[in-house]
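Worksheet for the structure shown next.
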Amino acid sequence: MPRAKLIKQKLVIVFLAGALLLFSPLLSLFDRPVLLFGVPLLHLYLFTVWSALIVAMAWVVRDDSK
């Protein structure tokens, strides 16, 4: 399978995972008046998911042909 097609498929998977993790019913599970390290749980969850999606996309598109 060509590398470009494989990258596109992996990016679609990352997108779908992000859409699922940021879906409103799932977000409501973290919308509680709880503080972790002084940060509201929802904000911590959103920042963690956002960061994980960026890392996943960077991992998918990195060039290993050195």
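Here, each number is a calculation from the coordinates, and none is a lab measurement. Note that the structure is a prediction, hence the values are computed from the model and not measured. Cβ atoms come from the backbone with ideal geometry, glycine included; neighbour counts cover every protein chain shown.
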Check: Are any residues in the stretch 14-38 touching a helix residue (DSSP H, G or I) at 6+ places or on another chain (Cβ under 8 Å) and loosely packed, with under 15 Cβ neighbours inside 10 Å, and if so, which ones?
Finding: A17, L20, L22, L26, L27, D31, R32, V34, L35, L36, F37
Check: Within the set of pairs 6+ apart or on separate chains, which have a first residue in the stretch 1-14 that is free of Cβ contacts under 8 Å to residues at least 12 places away in the same chain and farther than 9 Å from V60 by Cβ, a second that is surrounded by 12 or more Cβ atoms within 10 Å (Cβ to Cβ) and hydroxyl-bearing (S, T, Y), and C-beta atoms under 9 Å apart?
Finding: none
Check: So is L53 in a helix (DSSP H, G or I) and surrounded by fewer than 12 Cβ atoms within 10 Å (Cβ to Cβ) or not?
Finding: no
Check: Condition test on D63, is it surrounded by 10 or more Cβ atoms within 10 Å (Cβ to Cβ), among the acidic types (D, E) and assigned to a loop (DSSP other than H, G, I, E, B)?
Finding: no
Check: Taking the stretch 17-56 as the region of interest, how many residues are more than 9 Å from the chain's Cα centre (by Cα) and among the polar types (S, T, N, Q)?
Finding: 2
